[in-house]
Amino acid sequence: MSFDYLAEQFATLAWGPWLVIFLVGSGIFFLIFSGLRPFRYLPHAFALLTGKYSKESDVGDVSHFKALTAALSGTIGLGNIAGVAVAIQLGGPGAIFWMWLTAIVGIATKFFTCTLSVMYRDVNPDGTTNAGPMYVIKNALPNYMLPLAYFFAFFGIIGCLPGFQSNQLVQISKDLYFPSVENFELIAGIFLAIITAIVVVGGLKRIANVASYLVPFMGCIYFGAVLICIALNIEDFLPSLSLIISDAFTGSAVASGSIMGVIIVGVRRGAFSNEAGIGTESLVHGSAKASHPVKQGLVAMTGPIFDTLIMCTATAVLILISGVWQNSDAQGVTLTAEAFNNILGPVGSFVVFLCVLCFGVSTIFTYSYYGSSCAKFLFGEKGSQIYTYIFILMIVIFAVISLDTALNIIDGAFAMMAIPTLVSTLWLAPKVMNSAKEYFNSLNESAKRT
């Protein structure tokens, strides 16, 4: 029995219909339970990103904006560029519809999970913070629930390994520019590991600083290139959206062959894209400088709008109007590169290569922080440092294994991380709404006075 087979079975069992129901159902509950009230404050959430309501004395490690860009560097990128291609290959165009649904309910889920992460974080004597679902469970739930915290952290050190990112960065580099270089995967993996080591050893502040420049800049370049592609094929834009919606309910998926198969692929890739309900997002949002927990919850809920509703949709439409999804044997990120090449020629391929390179590297940086935070909870500060070096080594290993194996390992671990995250968030949802009512009422009072 091969390791590849075991990884596949693990991911298949983990992402059964039970998890889809749990993940989406929890998001629907949060939508209803909140009465959609946080959605009314989306303009305020965007204002928070500008630093308008921040003070230097706020407790935390990074600003609202840097926390969001660091989190987005873990979601915008390969989840949106390569992940969308994988979704269409495995589940057909209809899988994108279910990615949309995951994002819509994920907006509410992120509001709850990230508010809790600030509410129940540990603040160290030096002012730094430790945050995430494991601290929410430790500090807010009864002691008999503590095993759930260790369960999350254990799968966190696996799920936050750079499997998908390392694999796809090396794949697109080889496929586009170095197809004949012997042992290219190993060479590229070592080079990528060195670049990562330079940044991640500096911790969250250095990671957040890098992400705050890379993510907005490369996001604009990528989205602008997609808009050009769509403008050149504007007559195919609405038919592409129509195909996504109609295929979501027909079960005519490329590989799944059933409506449930389409839904599972869409939700699975949607969860990887925006991480809502998985718990990773609250690891960095919980470390933000925030005078009130609800502030960061509002900032966090803008994430699925940017990474799934905007970026994933753009990539999906690009792939559909290019036609490559029907006649190409390319996998993952290379399929997206082919779509760009079909419309813009070699310039398009270079744009996607540049964006994937920057997004992929920044994602690896953020994931190193996620994984080391989980290792710190399990093994202390020294264990966290050891994990960082293991993480760097794994970049090389994942660069040389197959895409399917890398994807199955990470996907399976993500599924396991969702269990403690959602259980604790459902349990503590009333506390979030009490805090939210207090914050929103204070905002309304301030507005009346002005």
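General observations
- Label-point gap, in nm, between LEU393 and GLN9 - each point 7 angstrom along Cα→Cβ: 2.7 nm
- Compared with the alpha-carbon gap, the fully stretched path from ASP122 to SER246 is longer by 39.9 nm at 0.36 nm per residue.
- Highest mean packing first, where packing is the average number of other Cβ atoms within 10 Å per residue, the peptides 10-20, 146-156 line up as 146-156, 10-20.
- Portion, in percent, of the accessible area of region 240-389 that falls on carbon or sulfur, probe 1.4 Å: 61 percent
- With the simple model of a label 7 Å out from the Cα in the direction of the Cβ, TRP427 to PHE379 spans 2.6 nm.
- Extension gain, ASN183-PHE39: 0.36 nm per intervening residue step, less the Cα-Cα distance, totals 46.8 nm.
- Compared with the dominant Cα axis of the chain, that is its longest principal axis, helix 333-344 is turned about 70°.
- Most to least packed among 301-313, 159-171, 31-43 [average Cβ atoms within 10 Å]: 159-171, 301-313, 31-43
- For region 303-387, the per residue solvent-accessible surface stands at 32 Å², with DNA, RNA and ligands left out and a 1.4 Å probe.
- The relative contact order of the chain comes to 37 percent, based on Cα pairs under 8 Å that sit 6 or more residues apart.
- One chain, two ends: GLU438 and ASP236. Fully extended at 0.36 nm per residue, the span grows by 68.0 nm beyond their Cα-Cα distance.
- Ranked packing of 102-112, 235-245, most packed first, by mean Cβ within 10 Å: 102-112, 235-245
- Between the Cα long axis of helix 3-14 and the first principal axis of the chain there is an angle of about 50°, rounded to the nearest 10.
- Of the residues TYR41, ALA103, HIS292, the one whose Cα sits farthest towards the positive end of the charge dipole of the chain is HIS292 (charges of +1 on Lys and Arg Cβ, -1 on Asp and Glu Cβ, taken about the Cα centre).
- Region 94-231, accessible surface, carbon-and-sulfur percent (1.4 angstrom probe): 70 percent
- Label point at ALA47 placed 7 Å out along Cα→Cβ; residues across region 280-294 whose backbone nitrogen lies under 19 Å: 290-294
- Once the 1.4 Å probe is applied to the protein heavy atoms, region 97-202 comes out at 39 Å² accessible per residue.
The values are calculated or read from the model by the stated rules, or taken from the named source; none is laboratory data. Bear in mind that the values here come from a model prediction, so they are computed numbers and not experimental data. Here Cβ is always computed from backbone atoms with ideal geometry, including for glycine, and neighbour counts include all displayed protein chains. Side chains are part of the model used for accessible areas, which takes the heavy atoms of the whole protein and leaves out ligands, DNA and RNA. Shrake-Rupley method; radii C 1.70, N 1.55, O 1.52, S 1.80 Å.
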